[in-house]
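Written out below as structure tokens is the structure these notes cover.
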Amino acid sequence: MVNAIIILCAYIIGSIPSGLWIGKIFYKMDIREHGSGNLGGTNSFRVLGKKAGLAVTILDILKGTAATLLPLIPYFSETQIHPLILGAVAVVGHMFPIFASFRGGKAVATSGGVLLGYAWPLFIILIIGFFISLKITKIVSLSSMIVSIIGVIYSIIYAFLTGDYSLLVLVIILASFIFYRHRANIKRIKDGTEPKVKWL
Ligand code: G3P
């Protein structure tokens, strides 16, 4: 029973559509009808501005972190569900949120939050890698995909050195989610029509 409830909690946490709710409550806007139509931090920056974009990004990161930390709650201490599975479930909730007609984000920030909760050195490396990539390419979606590849490379080395393959399996799953959810971005990057950031 505890296992089922903790998985449900991870999904519900991931389902919180911060971009949709912040847009509707504070800006009277549905960000799904503007910009890229995505519910994530990037589109919140684009449509609602810096403050909202930062708030949505931080909240989306924290969803992943909170899900991986659920077993620390005394009621859940008996669970056999691995924290990384809870993180992956939160990312599924973020992509297919019950509170937003199952039309959610592209898995990037919440995946980062899972790593912050479980493997913070990798999170730091990926944040640095993201901004270096963004400085060079000026494209958020491309930078998101580049850091997911960096995450896989890091996890291969980690698995080789420690014999622990759980992080590698999770990171491959998250990277697959990220590439799958960026199909339209990949097409725009190929066509040269993907928007570039101007502030970096
Ligand atoms: O986090 C999602 C980002 O990589 C791309 O977002 O709105 O440009 O499709 P967007």
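The values are calculated or read from the model by the stated rules, or taken from the named source; none is laboratory data. Being a predicted model, the structure only gives us computed values, none of them experimental. No Cβ is skipped: glycine too gets one built from the backbone with ideal geometry, and neighbour counts run over all protein chains shown.
Tabulated data for the structure shown
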item: Qualifying position, being polar (S, T, N, Q) and surrounded by 19 or more Cβ atoms within 10 Å (Cβ to Cβ), among SER77, SER133; result: SER133
item: Some residue of region 67-88 being away from the ligand (no atom under 15 Å from the Cβ), more than 16 Å from VAL114 (Cβ to Cβ) and small (Gly, Ala, Ser); result: yes
item: Among residues of region 96-147, those that are within 16 Å of the ligand (Cβ to nearest atom), farther than 18 Å from PRO195 by Cα and either outside any helix (DSSP H, G or I) or not polar (S, T, N, Q) (or both), counted; result: 17
item: Region 156-195, residues that are within 11 Å of the ligand (Cβ to nearest atom) and at pLDDT below 95; result: PRO195
item: Meets criteria (closer than 23 Å to GLY35 by Cα, buried (at least 21 other Cβ atoms within 10 Å of the Cβ) and not acidic (Asp, Glu)) for ALA119; result: no
item: Any chance ILE172 is within 17 Å of the chain's Cα centre (by Cα) and surrounded by fewer than 19 Cβ atoms within 10 Å (Cβ to Cβ); result: yes
item: Some residue of region 31-39 being crowded, with 21+ Cβ neighbours inside 10 Å, touching a His at 6+ places or on another chain (Cβ under 9 Å) and under 22 Å from PHE123 (Cβ atoms); result: yes
item: Matching residues, region 175-200, being surrounded by 14 or more Cβ atoms within 10 Å (Cβ to Cβ) and assigned to a helix (DSSP H, G or I); result: ALA175, PHE177, ILE178, PHE179, ARG181, ALA184, ASN185, ILE186, ARG188, ILE189
item: Any hit, region 22-39, residues being in a loop (DSSP other than H, G, I, E, B) and of a type in the set (Asp, Glu); result: yes
